[in-house]
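Heads up, the thing below is written out as structure tokens.
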Amino acid sequence: MTPYKVNITYEPFALEPEYIESNRAFIANMALDKTQMVLDLACGIGTMTDLLLNRKKEITVTGIDISKESLTIAKDNFSKVGAFGATGSAVLSLIQASADCLPVANRRFDAVIMGNSIHLLPDKDRLLNEINRVLRPGGFLAFNSSFYAGTMPKGTEKFHHEWMKQAMSYIVSKDLNLRKQGRAGIPRKRGTVPGAFSHHWPSGKEWQNILEHHGFAIRYTNERTVVMTQSNFETIGAYGGFAKIILSGYPVEDASEALQATVAPSLAAVNMKTVPRLWLEVIAEKKIEYGKMGSGTSADSTGKQ
Ligand SMILES: C[S@@+](CC[C@H](N)C(=O)[O-])C[C@H]1O[C@@H](n2cnc3c(N)ncnc32)[C@H](O)[C@@H]1O
């Protein structure tokens with residue numbers, strides 16, 4: 001019996017203190033005074049929603065995710081803490097859908113929040129058109145991402161290379177051992193999911209250009225250093241959604257096991273205990289649609305006036 005569990009949702013990492021605190025700090029920079037209706041896009045188990053509701057109780061959140069399992073956990077979590085309200089009147093509703101095809105009316109939201117997921121959507125134009133459509137003019141999009149060009153501070157790449165090298169050789173030797181015992185090996189079926197890093201990671205500057213092209217005005221950008229621990233990497237490795245992309249083509253259980261088992265030896269090999277990673281944070285405001293809304297100015301979308 002392997003001690004390594006593969007998790008179908010992002011839950012283990014989303015509950016790590018480092019993840020929660022970096023998101024809490026990001027959310028602290030959002031001006032929520034004129035914000036009532038919020039869309040937590042690719043909401044997972046609802047970590048961002050929870051932090052938002054902790055900052056401002058009087059908001060109404062819609063959580064959308066493609067994963068039914070994540071939404072089930074989110075629903076359980078929020079039922080326990082009462083986000084649905086004592087009377088059952090929802091301040092929170094959860095919908096299963098893809099972030100780039102939203103079953104939502106135009107201009108419904110004051111804010112769209114995307115916690116560490118914008119990089120997962122392959123077609124950024126399609127995604128931003130949808131976000132733009134469901135935001136009211138003057139509303140804002142806030143996202144962070146730990147997958148962008150510049151995310152690895154100098155000197156930290158060696159850990160990531162070592163981790164991938166060790167994870168691959170873990171699978172290869174497990175495969176050999178199984179075959180030696182006359183058992184089925186570990187088949188690799190290429191082309192079942194997109195390979196790791198198969199789409200371009202924009203830099204912070206490129207994100208700004210893309211957003212401006214889509215009619216957003218940048219209000220805030222930041223690169224937050226998150227010091228990642230052994231436990232952080234192990235819980236990321238436990239997330240099947242990550243494992244199946246990073247070691248694409250291998251059965252997700254084997255990929256996830258290999259990633260979890262090789263964090264500690266990889267850290268030791270490069271003589272590091274923790275690995276800093278930069279997280280890009282962006283808050284961008286949907287510009288007023290002149291002619292439709294008049295020429296008034298809109299509220300600033302960051303907490304920093
Ligand atoms: C890294 S997790 C982040 C979850 C959550 N935002 C958080 O911060 O805890 C990425 C989430 O994106 C969801 N996801 C992936 N592709 C999606 C898509 N096309 N539409 C909606 N959600 C998607 C996954 O199911 C997963 O819950």
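Would you calculate, for the chain, the mean residue ellipticity at 222 nm contributed by helices, counting each DSSP H stretch of 4 or more residues as -39,500 (n - 2.57) and dividing by all residues, to the nearest 500? Walk me through the numbers on the way to the answer.
On the way: 11 runs with 116 residues, N = 305.
Counting only the DSSP helices, I get -11500 deg cm²/dmol.
Ranking request for peptides 140-148, 103-111, 33-41: highest mean number of other beta-carbon atoms within 10 Å first, then the rest in descending order. Numbers along the way, then the final one.
Working: 140-148: 23.1, 103-111: 16.7, 33-41: 20.0.
Top to bottom by mean Cβ count within 10 Å: 140-148, 33-41, 103-111.
Applying both filters, DSSP loop and at most 16 other Cβ atoms within 10 Å, to the chymotrypsin sites (Phe, Trp or Tyr not before Pro) of region 182-278 gives PHE197.
Let me know the charge dipole size of the chain about its Cα centre in debye, to the nearest 20, where only the beta-carbon of Lys, Arg (+1) and Asp, Glu (-1) is charged. Mind dumping the intermediate values first?
Details: 35 positive and 30 negative charges, 73 e Å.
Here the chain has a charge dipole of around 360 debye.
Between the listed residues THR274, GLN260, THR62, the Cα displaced farthest toward the positive end of the dipole of the chain, a dipole computed from Cβ unit charges relative to the Cα centre, is found at GLN260. Residue order for TYR4, TYR19, TYR10, TYR170, fewest other beta carbons within 10 angstrom first, comes to TYR4, TYR170, TYR19, TYR10. In terms of surrounding Cβ atoms within a 10 Å radius of their Cβ, GLU11, GLU18 rank from fewest to most as GLU18, GLU11. By a straight-distance test (C-alpha under 15 Å), which aspartates and glutamates pair with LYS174 as possible cross-link partners, with residues fewer than eight away in the same chain excluded? Hits, sequence-local ones excluded: GLU253, ASP254, GLU257. Under the shape rule built on the C-alpha gyration tensor, where the axes satisfy a ≥ b ≥ c, the chain is prolate, since a/c reaches at least 1.5 and a/b is greater than b/c.
Which ordering of VAL6, VAL227 is given by a fewest-first count of other beta-carbon atoms within 10 Å?
On the way: VAL6 21, VAL227 12.
Arranged by neighbour count, lowest to highest, VAL6, VAL227 become VAL227, VAL6.
None of the figures in this text is laboratory data; all of them are computed from the coordinates on show. The structure displayed is predicted, hence computed values, not measured ones. Cβ sites come from the backbone with ideal geometry, for glycine too, and all protein chains shown count toward neighbours.
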